[in-house]
1. Which ³J(HN,Hα) values, rounded to whole Hz and listed in residue order, are derived for the stretch 40-55 from phi using the Karplus coefficients 6.51, -1.76 and 1.60 in 6.51 cos²θ - 1.76 cosθ + 1.60 with θ = phi - 60°, glycine and proline given as x?
2. At 1.4 Å probe size, what's the solvent-accessible area of Lys198? Round to the nearest 10 Å².
3. So what's the gap between the Cα centers of the stretch 99-169 and the stretch 69-87, to the nearest angstrom?
4. Rounded to the nearest 0.05, what FRET efficiency do Asp203 and Gln81 give with R0 = 22 Å and r taken as the Cβ-Cβ distance? Could you check?
5. Rolling a 1.4 angstrom probe over the protein heavy atoms, how many square angstrom per residue are accessible across the stretch 127-186?
6. Using Cα pairs under 8 angstrom and six or more residues apart, how large is the relative contact order of the stretch 55-201, in percent?
Amino acid sequence: MRIVTPSARLFIGLSFVCGILSFVGGCGAMSGHAMNESGAGFYRAGNYAMARQEFRRASLDDPQNPDYIYNVAASSLKMGQIADAERLYQQALARDPAHRASNHGLAKLLNEQGRRTEANEHLTAWLGIQPYAADPHVEMAWLKTQMGDTAAAENSLRTALKIQPNHPAALAEMGRVHQRNGRNNLALAMYQRSLFQKRNQPDVRARIATLTRRPFAPRYGAVPVSRPMSTTWRPM
């Protein structure tokens, strides 16, 4: 008679679960999610080395998931590993060329390194892939704002809002453009519309507080993020 030890029993149980999960994404997807959540905890605590390790383990378990690769890149960037972060953003985009977080991360990295021409070329290439999606137009507007070209940014945002009138990031960016141009009433209206579409936007709440001269109090439990993403946690 073979004795089933607790560890063996656990292995059998996991094998059974993984067999079932093979129909909906496999066991790697399950453990990848758990490691990603673990990495998120380390990232929020400021332990970027451990966060990077957990995110990397998640990406090894589910190598086709661009979210996990993006998270490794974001942690690497926090650790000052710029070349690694750039390589990883590219790796995530090889999995999904329309991955918004990685497109933004790469454009932001290039812009901050003074490589604005490359950043512009990168976002232009994304627009070529998805001309009828709102996200690339929003990101191009963000870059144009960084470059001080608010007229071009506004044009890009108008295009984005024609495609998707209630896009929260497009509304927030349009508010930023209006605010920079001194059109505070229009800015406030855009911020409020953006917040109506996506409530967890501490930066937008702060801008509203500035325009209305009210003290800013973050909502309990809110985690600041700069861009809305998918349901999979990603640092920004």
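1. Calculated HN-Hα couplings, in order: 4, x, 5, 4, 4, 7, x, 8, 6, 5, 5, 4, 4, 4, 5, 5 Hz.
2. Here the accessible area works out near 50 Å².
3. After rounding, the separation between the Cα centres reads 21 Å.
4. About 0.25, to the nearest 0.05.
5. Values: 2770 Å² over 60 residues.
Spelled out: the 1.4 Å probe surface of the stretch 127-186, per residue, equals 46 Å².
6. Values: 176 pairs, mean separation 18.5, N = 147.
Computed over the stretch 55-201, the figure is 13 percent.
The values are calculated or read from the model by the stated rules, or taken from the named source; none is laboratory data. The structure displayed is predicted, hence computed values, not measured ones. When we count neighbours, we look across all protein chains shown, and the Cβ atoms used for this are built from the backbone with ideal geometry, even at glycine. Just so you know, the surface numbers come from the protein's heavy atoms only, side chains and all, with ligands and any DNA or RNA stripped out. Shrake-Rupley method; radii C 1.70, N 1.55, O 1.52, S 1.80 Å.
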